[in-house]
Number of protein chains: 2
Amino acid sequence: MNESIFILQGDIIYTKEAGKFEICENGYLVCEQGKVKGVYRTLPFTLGGIPVRDYKGKLLIPGLADLHIHAPQYSFRGLGMDMELLEWLNVNTFPEEAKYRELDYARKAYEIFTENLKKSATTRACIFATVHREATLLLMDLLEEAGLGTMVGKVNMDRNCPDYLSEGSAKNSAAETVEWIQDVEHKKYKYTRPILTPRFIPSCTDELMENLKKIQLRYSLPVQSHLSENISEIAWVKELCPQAEFYGDAYDRFGLFGADAPTVMAHCVHSDEREIERMKENKVFIAHCPESNMNVSSGIAPVRRFLEEGLHVGIGSDVAGGTTENLFTAMAHAVQASKLRWRIQDESLKPLRAEEVFYMATKGGGEFFGKVGSFEPGYEFDVVVLNDSRLKHPQYLDIQKRLERMIYFADDREVEAKYVGGRKVL
Amino acid sequence: MNESIFILQGDIIYTKEAGKFEICENGYLVCEQGKVKGVYRTLPFTLGGIPVRDYKGKLLIPGLADLHIHAPQYSFRGLGMDMELLEWLNVNTFPEEAKYRELDYARKAYEIFTENLKKSATTRACIFATVHREATLLLMDLLEEAGLGTMVGKVNMDRNCPDYLSEGSAKNSAAETVEWIQDVEHKKYKYTRPILTPRFIPSCTDELMENLKKIQLRYSLPVQSHLSENISEIAWVKELCPQAEFYGDAYDRFGLFGADAPTVMAHCVHSDEREIERMKENKVFIAHCPESNMNVSSGIAPVRRFLEEGLHVGIGSDVAGGTTENLFTAMAHAVQASKLRWRIQDESLKPLRAEEVFYMATKGGGEFFGKVGSFEPGYEFDVVVLNDSRLKHPQYLDIQKRLERMIYFADDREVEAKYVGGRKVL
């Protein structure tokens with residue numbers, strides 16, 4: 001499949017910056033060595049004779065990047081949605097995650113997760129697994145086979161979680177993590193990378209955080225975690241780390257807040273000015289998870305503020321705080337939540353527009369994976385072909401309008417083909 | 001299809017009251033003369049020999065009632081979602097509605113609308129058409145053929161709308177309405193009824209409202225309109241009707257607020273205590289339209305308060321303020337919006353639960369159509385058969401959990417069969 005050069009023809013739409021679509025109707029999108037060579041209205045003479053794959057009348061968009069999703073929670077998506085975060089973790093999440101000690105269960109569940117992620121418009125994802133080393137490797141095997149570009153984390157937890165799920169001690173948690181990383185190295189995955197994953201401050205002792213920092217430096221790993229999601233969680237962090245200036249500082253004190261490595265923090269619903277400033281300095285990526293923030297009653301993140309500050313903001317489905325891996329739905333929720341925030345909470349921050357959430361779901365989050373999420377030359381050739389003919393309409397619609405409809409309606413039925421780094425995976 | 005007695009077998013779930021599911025696993029739902037005869041764990045001896053339709057392993061739920069949807073706006077669902085209500089009406093809605101003067105366009109558009117409504121889980125709906133008499137009849141023909149139980153309104157507007165859409169004068173608007181009602185009477189529809197539809201106070205002069213009251217009494221028509229949706233709209237109504245005590249009073253002064261006829265008002269996002277009290281006195285039905293209220297930045301209605309007061313509350317998709325006719329999505333939005341309202345606006349009103357929004361989408365709104373929306377004996381036999389096998393899961397899920405998942409995920413793929421008043425329409 002990885003032919004060195006090939007061409008897709010269709011209705012091309014993407015963003016270089018938040019708030020502005022680039023559109024090429026019935027144009028040509030050229031792939032060379034897995035990268036975008038360019039977008040052309042008419043094919044240059046030098047590309048004559050190269051086979052053209054015909055997606056005429058279909059939308060060609062960059063693959064979507066999911067900056068935050070919990071694979072083991074996929075099994076209970078859409079369930080038990082009557083609790084706030086901390087209760088929800090204890091009642092729904094921890095008992096389910098404990099099941100992944102059993103590889104048979106893990107395989108059954110992770111196969112469903114991987115199959116559905118493959119059918120979606122997502123080409124890149126930052127994924128939480130569980131504390132279990134073997135099940136995490138199994139998940140990585142499945143994702144590698146699916147051909148998606150992912151970063152997967154074995155979760156670390158050594159406090160404030162049920163005994164049946166705790167790793168017991170900082171030492172054990174760190175040792176398991178090193179063993180997992182070494183196993184991953186032996187696997188020689190092409191598309192699947194490990195990412196350091198302290199669950200969140202309440203579940204990691206200082207000693208564990210210190211150990212993780214050493215591991216992070218030794219293996220040059222990126223980091224993912226949770227930040228300033230829910231009011232009761234934030235109050236708890238303050239109790240646990242009275243010395244931290246703010247929630248993010250509790251990570252930063254251990255060097256796990258973007259200073260040395262690409263870091264993505266999910267939520268940031270209640271980040272204050274100091275936290276925003278620190279994220280900017282440290283180039284932390286924010287995974288905005290609007291549906292999850294509704295479902296577990298966290299609130300609405302000030303995304304407009306993040307964009308104005310020039311922070312890196314992407315979108316996360318946050319299954320199973322969010323119900324669906326479908327990032328189009330997440331984009332719609334981002335727009336909708338921003339409108340409610342504007343109306344109810346703070347009129348100074350204008351609602352998000354389609355062109356902005358689309359940017360966040362493509363290039364905004366994609367950049368966590370390198371040059372991903374745009375069709376500018378040199379970007380990874382991550383392409384989703386959307387066939388929007390299911391959604392009938394009586395009037396003419398231009399490409400931008402067709403894309404706007406996709407944000408509200410597209411699901412796996414619209415995803416006709418998908419390329420990741422030039423490889424056709426669907 | 002309208003056999004006098006038949007039986008469905010499957011996993012039955014419904015609500016008699018808000019907040020409590022009634023469940024009968026692998027039970028029998030018996031239809032007699034188009035009405036529910038009863039739900040049985042084991043079939044009574046007297047029903048022996050009656051054919052049983054096998055929906056084992058599938059969910060049997062009451063048909064859903066959409067208390068507020070605009071058929072002509074279906075064409076631009078999911079489009080132009082960057083405006084508040086009044087701008088959105090002028091830029092998106094009115095130009096599109098004007099096209100329905102042309103019957104060819106109306107047929108093309110209304111066929112798509114009707115086809116999709118038929119495939120959905122909706123069995124009953126209150127529908128706005130446009131000001132055009134002929135196109136409204138055409139829509140009613142299509143809905144009658146689809147077998148859905150609907151109330152359809154030719155819209156009235158004689159002020160504050162573009163000339164190309166205005167009915168010109170109160171007299172003309174009233175005359176067109178009478179002619180439309182007489183046409184409807186000649187049609188002798190079985191399942192499709194006319195409903196009086198002053199668009200909203202800003203688009204109807206006092207003279208028109210007086211005329212509509214006469215028409216309402218003469219033909220014993222129910223009424224549908226909009227109420228207290230958006231802050232700028234409410235301010236405008238106050239300007240237009242300084243004598244009205246509150247928005248709803250502007251309808252009530254003309255006797256068009258439930259006093260003499262079943263009346264449904266969409267939105268009620270900003271209803272104050274006086275308006276809530278009047279709705280209670282007049283038995284006004286509220287169509288809660290959570291997605292629309294996000295999309296056009298209206299806010300979040302205090303639904304918990306309505307339920308506590310014992311008001312009639314149903315769900316409306318409000319396409320195209322809302323994007324989708326899928327009332328499962330509307331239920332999810334109702335839960336999600338209520339959580340944000342609790343978190344951000346008013347902690348005294350607890351979030352809505354699955355059992356409550358499901359009640360609203362079935363019996364709560366269904367009662368606007370009579371005994372509709374429950375499986376209690378004597379209720380209309382409106383049944384939707386949901387096949388939830390597409391949504392794979394590794395663990396056992398009980399019926400209530402399977403239904404909760406449907407709220408977040410079901411679309412037309414899950415709707416395997418549908419009965420309206422005992423007739424199988426799908």
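The values are calculated or read from the model by the stated rules, or taken from the named source; none is laboratory data. All figures in this text were calculated on a predicted structure; none of them were measured in a lab. Cβ atoms come from the backbone with ideal geometry, glycine included; neighbour counts cover every protein chain shown. We work out accessible area using only protein heavy atoms, side chains counted, and drop any ligands, DNA or RNA first. Shrake-Rupley method; radii C 1.70, N 1.55, O 1.52, S 1.80 Å.
Heavy-atom accessible area, probed at 1.4 angstrom with all protein chains present, ranks A:W180, B:W342, A:W236 as A:W236, B:W342, A:W180, highest first.
Residues in the stretch B:88-95 carry Karplus couplings, in order, of 4, 4, 6, 7, 9, 7, 4, x Hz; the curve used is 6.51 cos²θ - 1.76 cosθ + 1.60 with θ = phi - 60°, and Gly or Pro positions show x. Amide H contacts of A:C126 (H built 1.01 Å from N, in plane; Pro and chain starts excluded): A:D66, A:L67, A:H68, A:I69, A:M151 sit under 5 Å, all sequence-distant by 5 or more or on other chains. Residue by residue along B:76-85, Cβ atoms of other protein chains within 10 Å of the local Cβ number 6 on average.
In order along the stretch A:354-359, the Karplus-derived 3J(HN,Hα) couplings, from 6.51 cos²θ - 1.76 cosθ + 1.60 at θ = phi - 60°, round to 3, 5, 7, 5, 5, 4 Hz, and Gly and Pro are given as x.
Distance from the alpha carbon centroid of the stretch B:378-426 to that of the stretch B:98-141 works out to 26 angstrom.
Tilt of helix B:231-240 relative to the longest C-alpha principal axis of chain B, in degrees (0 to 90, nearest 10)? Once rounded, the angle reads 40 degrees.
With a 1.4 Å probe rolled over the protein heavy atoms of all chains, the accessible area of A:E25, B:E416, B:E167 falls in the order A:E25, B:E416, B:E167, largest first. Based on the Cβ-Cβ distance from B:K214 to B:Y40, what FRET efficiency comes out when R0 is 45 Å, to the nearest 0.05? Using R0 = 45 Å, I get an efficiency of 0.35.
Shown for B:K371: label points 7 Å from Cα along the beta-carbon vector, and their distances to the equivalent points in the other copies, 7.1 nm in ascending order.
Is the stretch B:275-426 best put as rounded, prolate or oblate by its Cα gyration tensor, with a ≥ b ≥ c the root eigenvalues, rounded for a/c under 1.5, and otherwise prolate when a/b is larger than b/c, oblate when not? Verdict is oblate for the stretch B:275-426. When chain A is treated as a GNM with alpha-carbon contacts under 10 Å, the residue of A:L137, A:L212, A:L89 showing the greatest mean-square fluctuation is A:L89.
Taking A:H393, B:H132, A:H68 and ordering them by how much accessible surface each has at a 1.4 Å probe, largest first, produces A:H393, B:H132, A:H68.
For the peptide B:393-406, the mean number of other protein chain Cβ atoms found within 10 angstrom of a residue's Cβ is 4.
Bridge orientation summary for the protein assembly as shown: considering DSSP beta bridges with both residues in this region, about 45 percent are antiparallel. Checking the a/c ratio against 1.5 first, then a/b against b/c, what shape does the Cα gyration tensor give for the protein assembly as shown? It comes out prolate by the Cα gyration axes.
Pairing chains A and B buries close to 4600 square angstrom of accessible surface in total, based on protein heavy atoms and a 1.4 angstrom probe.
Note on the stretch A:64-369: the alpha carbon radius of gyration divided by the globular reference 2.2 N^0.38 Å gives 0.91. Counting only protein heavy atoms and using a 1.4 Å probe, the accessible area of B:I344 comes to about 40 Å². The label point for B:E115 and the one for A:S348, both projected 7 Å from the Cα toward the Cβ, are 5.0 nm apart. Surface composition of the protein assembly as shown: carbon plus sulfur atoms contribute 48% of the solvent-accessible area (1.4 Å probe, protein chains only, all chains present).
Couplings for the stretch B:63-69, taken from phi via the Karplus curve 6.51 cos²θ - 1.76 cosθ + 1.60 with θ = phi - 60°, read x, 8, 10, 9, 7, 6, 8 Hz in order; Gly and Pro are left as x.
Within the straight-line cut-off of under 26 Å between alpha carbons, the lysines reachable from A:K350 are A:K16, A:K20, A:K280, A:K283, A:K339, A:K363, A:K401, B:K339, sequence neighbours fewer than 8 places apart in one chain being disregarded. Listed by chain and number, the aspartates and glutamates placed with their C-alpha closer than 16 angstrom to that of A:K214 are A:E176, A:E179, A:D206, A:D252, A:D260; residues fewer than eight positions away on the same chain are left out.
With label points set 7 Å from Cα along Cα→Cβ, the inter-copy distances at B:D141 are 6.3 nm, sorted shortest first. Inter-copy label distances for A:K108: 5.1 nm (label point placed 7 Å from Cα along Cα→Cβ; shortest first).
By how many degrees, between 0 and 90 and to the nearest 10, does the Cα long axis of helix B:133-146 differ from the longest principal axis of chain B? For B:133-146 against chain B, the angle is about 0 degrees.
Mean partner shielding of peptide A:328-338, defined as the number of other chain Cβ atoms within 10 Å of each residue Cβ, is 3. Once all protein chains are placed together, B:K37 keeps about 80 Å² accessible to a 1.4 angstrom probe.
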